[in-house]
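Chemist: Quick one: the structure is below, and I'll ask about it shortly.
The values are calculated or read from the model by the stated rules, or taken from the named source; none is laboratory data. All values reported here derive from a predicted model rather than from experimental measurement. Every residue, glycine as well, gets a Cβ built from its backbone with ideal geometry; the counts of neighbours run over all protein chains shown. For the accessible areas, the whole protein counts, side chains as well, though only heavy atoms, and no ligand, DNA or RNA atoms are used. Shrake-Rupley method; radii C 1.70, N 1.55, O 1.52, S 1.80 Å.
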Amino acid sequence: MSRLPEAPASDPFDADRPLAMRCACGRSHAPGAHVGAVEDANAKLEASLVKALFPVDSVRRGFLRAVGASTARAAILSVLPLGALQAMAQDKGPLEKKDLKIGFIPITCATPLIMAHPLGFYQKQGLNVEVVKTAGWALIRDKMLNKEYDATHFLSPMPLAISMGAGANATPMNVAAIQNTNGQAITLANKHKDKRDPKLWKGFKFAVPFEYSMHNFLLRYYVAEAGLNPDTDIQIRVVPPAEMVANLRAGNIDGYLGPDPFNQRAVFEEVGFIHILTKEIWNGHPCCAFGTSSAFIQQNPNTFAALTRAVLTASAMAREAKNRELIAKVIAPAQYLNQPETVLTQVLTGRFADGLGNIRTVPDRIDFDPIPWQSMAVWMLTQMKRWGYVKGEVDYKQLAEKVFLITDARKRMKELGQTPPEGAYPKFTIMGRVFDPAKPDEYARSFAISKLAG
């Protein structure tokens, strides 16, 4: 029986040696310092991917001994797009800025921009990115306005609001890609298991993560369809996502429409149950986005293109169901989501306990379709108008096209060999009601419960 050649010191699939993040030749010199520079770069990328999956080296080595190096390599590399990464090329122009800070809130909505960090997608685009965990959405907004962050994880309505001067000084912002679709839920305290009908929620206190959020707009839409006025019949307060479970346990709130993993975390900690997934309100709705200021794009067009490619690469990987368990492992560590891997796996795979005694299977509980449809922006603006967050006339189409950069997203997707869909203004159905983006004012005024006159 022939023996395989001895693995180099940096081979991440060698169970008998520590994972050394150094040159593939086994020496300690800098990558690229010899004729095998290309192979070295690829080996280093491969090692960084395995390191992201197994941050504890003893776990990596135990896994390899259990399944064998060849099986592990085939399994891991079948779902991590090394080939696509190696094929990606930067724009013709040089990067204007390579050292970047990107803010994020530790929720599964931010999966693409988070996983792009440990999996080396930014690095492959020539960028040195620091992803910075941030406590709340107001802080994200302020750090973008103060130019402390170069780009960020946004709630998708935030760039529209900031651009209009709603809740902040008017500063043009842009959405490069949607980070996630679906992926939220209404979670109620266990004491309300006998109050599943929202008509019974009068007097309830609910939390949402921010006023300019899909969470706020979807909660308002849902209770209004049940005949409750969200401004008078219930209370809605802003609570950072990481504090939602604790507030539910303490009885400070009756429920929340919030991001995962905190709906699943409430079930995990046996303090709440999932009343309804937001995909059951609007299947395919946007939630979070990746974006930056218009000024940053103007000053750093090549850097912006590289950033967008990195995030779109992550989105494409995250859309594949076969990758979800590995992604849960990648984003679970303390510097990212700091969550039990089992909670993240339930969210990302869509096989989960709902807190009502059921194990549910909903593969698209969360998805990562990156297309920044401009009709999504128009819908958000109609809800801002409906609930009095913006006054006066709104130029829906102009704002949508200025803020949601669908043309840029398509261009970058084509560069990556992806096939973007056509159009910009598809219609959507929310709780049985069709939204026609060509008639936004008519839509905004069509609701019985609203701050607008009929």
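Chemist: Based on the Kirkwood radius over alpha-carbon pairs, what value in µm²/s does the Stokes-Einstein equation return for the translational diffusion coefficient of the stretch 218-349 at 10 °C and 1.306 mPa s?
Modeler: Diffusion coefficient, whole number: 91 µm²/s.
Chemist: Could you work out the helix-only [θ] at 222 nm for the chain, with each DSSP H run of four or more residues adding -39,500 (n - 2.57) and the total divided by the number of residues, to the nearest 500 deg cm²/dmol?
Modeler: Details: 19 runs with 174 residues, N = 454.
Helix-only estimate at 222 nm: -11000 deg cm²/dmol.
Chemist: I'd like to check one number: the per residue accessible area of the stretch 222-316, probe 1.4 Å, reported in Å² as a whole number.
Modeler: Accessible area per residue, the stretch 222-316: 29 Å².
Chemist: Local charge sum around Val56 (other residues, Cβ-Cβ under 14 Å, Lys/Arg +1, Asp/Glu -1)?
Modeler: Charge balance near Val56 sits at +2.
Chemist: How big is the convex hull of the Cα atoms of the stretch 398-451, per residue, in Å³?
Modeler: 113
Chemist: Go through Lys191/Lys451; Lys98/Lys147; Lys101/Lys147; Lys391/Lys439; Lys397/Lys427; Lys279/Lys439 and tell me which ones have a Cα-Cα distance over 20 Å in this structure.
Modeler: Lys191/Lys451; Lys279/Lys439
Chemist: Once the Cα atoms of helix 37-53 and of the chain are each reduced to a long axis, what angle between those two axes, in degrees from 0 to 90 to the nearest 10, is obtained?
Modeler: Tilt of helix 37-53: around 50 degrees.
Chemist: When the accessible area of the chain is computed with all protein chains present and a 1.4 Å probe, what percentage of it is carbon and sulfur?
Modeler: Answer for the chain is 51 percent, counting heavy atoms of protein chains only.
Chemist: Further question: Quick one: work out the % antiparallel among DSSP beta bridges in the chain, nearest 5.
Modeler: In the chain, approximately 65 percent of DSSP beta bridges are antiparallel ones.
Chemist: While we're here: How do 171-181, 144-154 rank on mean C-beta neighbours within 10 Å, highest first?
Modeler: 171-181, 144-154
Chemist: Here's another thing I want to ask about it. If you add up the charges near Tyr396, with Lys and Arg at +1 and Asp and Glu at -1, over every other residue whose beta carbon is less than 14 angstrom from its beta carbon, what do you get? Walk me through the numbers before you get to the answer.
Modeler: Numbers: positive: Lys385, Arg386, Lys397, Lys402, Lys439, Arg445; negative: Glu393, Asp395, Glu401, Asp436, Asp441, Glu442.
Taking every other residue near Tyr396 into account, the sum is 0.
Chemist: What is the helix-to-structure angle for 406-415, meaning the angle in degrees between its Cα long axis and the longest Cα principal axis of the chain, kept from 0 to 90 and rounded to the nearest 10?
Modeler: So the inclination is approximately 20 degrees.
Chemist: Read phi for every residue in the stretch 128-140 and hand back ³J(HN,Hα) as whole Hz from Karplus 6.51 cos²θ - 1.76 cosθ + 1.60, θ = phi - 60°, with x for Gly and Pro.
Modeler: Rounded to whole hertz, the list is 10, 9, 10, 8, 10, 5, 10, 6, x, 6, 5, 5, 4.
Chemist: Count neighbours as other Cβ atoms within 10 Å of each site's Cβ, and list the GluC sites (Glu not before Pro) in the stretch 351-454 that are DSSP loop with at most 12 such neighbours. Each step should come with its number before you reach the end.
Modeler: Details: sites: Glu393, Glu401, Glu415, Glu422, Glu442; in loops: Glu393, Glu422.
When the GluC sites (Glu not before Pro) of the stretch 351-454 are filtered for loop state and at most 12 Cβ neighbours within 10 Å, Glu393, Glu422 remain.
Chemist: Enter the accessible area per residue of the stretch 89-134 (Å², integer; probe 1.4 Å; all protein chains in place).
Modeler: Working: 1690 Å² over 46 residues.
I get 37 Å² per residue for the stretch 89-134.
Chemist: Counting pairs of Cα atoms in the chain, how many percent are more than 28 Å apart?
Modeler: 51
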